[in-house]
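The values are calculated or read from the model by the stated rules, or taken from the named source; none is laboratory data. The structure displayed is predicted, hence computed values, not measured ones. Here the Cβ positions follow ideal geometry from the backbone for every residue, glycine too, while neighbour counts run over all protein chains shown. Areas reflect the complete protein model, heavy atoms only, side chains present, ligands, DNA and RNA absent. Shrake-Rupley method; radii C 1.70, N 1.55, O 1.52, S 1.80 Å.
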Amino acid sequence: MSAQPNPAPRGLAARGLRWLQALTGQDGLLPSAPRTVRIADAPLGEELARFIAVVPDGENRFPRARCGEVGLDEAWTLAQQVRGTMSEDQNQRPRALIALVDVTSQAYGRREELLGIHLAGAAAADAYASARLAGHPVIALLVGKAMSGGFLTHGYQANRILALDSPEVLVHAMSKESAARVTRRPVEALEDLGERIVPMAYDVRSFNRLGLVHRLIRGVNADAPGPADVERVRGELTAAVATARGAPRDLSSRLESDAARATRAASIEVRRRLAQAWDAV
């Protein structure tokens with residue numbers, strides 16, 4: 001792995017690369033992987049963690065995956081690298097996996113559909129889930145967009161989700177423009193609905209209200225982190241890894257927080273009734 005950071009791509013969202021460099025001092029380039037997937041091992045607290053980011057590449061061979069999308073190459077590489085970490089850590093303490101998330105979506109395109117973007121994305125999500133269940137603390141740090149299938153493949157299977165409190169940290173199933181086309185509403189109308197209906201909002205504070213965020217990190221410069229910002233975030237990551245190691249490996253914590261009980265009461269009740277019906281069979 002390279003030890004010298006390279007400048008972030010200009011004109012493209014590159015917070016994932018920026019935070020990878022800030023937290024590890026590396027650019028994470030691998031000799032036999034696409035430039036869009038960066039991997040770096042670095043100390044975190046008293047242990048070594050593996051940091052993973054998906055970053056833009058204006059020269060990507062797949063045009064639909066040039067601006068931070070998770071495409072075919074990215075998803076298969078994520079699956080390969082996560083499962084490779086599991087193999088490397090057999091018979092020793094599983095390393096924490098830190099997913100730095102700034103992904104605009106999965107890559108949409110005819111070639112992607114023909115070549116099985118659904119299989120690639122499923123392989124990446126399954127790898128993260130398998131690592132979590134095998135004892136690797138998986139921590140997602142949302143530093144930018146966490147949109148659509150990109151987030152599902154890279155970050156959403158984490159034991160703990162941390163997020164920077166920044167206006168550019170957005171979380172949703174699809175972009176505002178796509179949602180506007182599907183619902184035949186103007187973007188402004190969707191934004192108004194998001195203010196009244198929490199699950200329809202895009203901002204990270206609304207996502208936090210759903211009980212899905214373990215820690216919302218306030219007062220950090222998300223675009224140009226200084227040394228104090230980096231140390232603050234590193235401390236939060238260290239604490240999240242420690243709590244994940246001592247907690248169940250499933251995702252039940254997302255329904256147990258005070259925020260989840262208040263905002264997702266109906267979902268919790270539906271799950272309770274389904275479990276009750278299942279156990280009664």
Out of the total accessible area of the range 34-188 (probe 1.4 Å, heavy atoms of protein only), what percent is carbon and sulfur? 52
Hull volume per residue for the range 1-155, using the convex hull of the C-alpha atoms, in Å³ is 100
Ignoring ligands, DNA and RNA, what accessible area per residue does the chain give at 1.4 Å, in Å²? 49
Kirkwood-based shape ratio for the range 157-281, expressed as Rg/Rh from alpha carbons: 1.04
Labelled set (1) 57; (2) 65; (3) 53; percent of Cα pairs over 23 Å apart computed from this model equals the value at (3)
Which percentage, to the nearest 5, of the DSSP beta bridges contained in the chain is antiparallel? 30
Rounded to whole Hz, the Karplus (6.51, -1.76, 1.60) HN-Hα couplings of the range 39-46, x for glycine and proline: 10, 8, 9, 8, x, 9, x, 9
Roughly how many Å is it from the Cα centre of the range 234-260 to that of the range 52-70, as a whole number? 30
Given charges at beta-carbon only (K, R positive; D, E negative), |dipole| of the range 81-194 in Debye: 260
Before rounding to the nearest 500, sum -39500 (n - 2.57) across all DSSP H runs of length at least 4 in the chain and divide by the residue total; then give [θ] at 222 nm in deg cm²/dmol. -13000 deg cm²/dmol
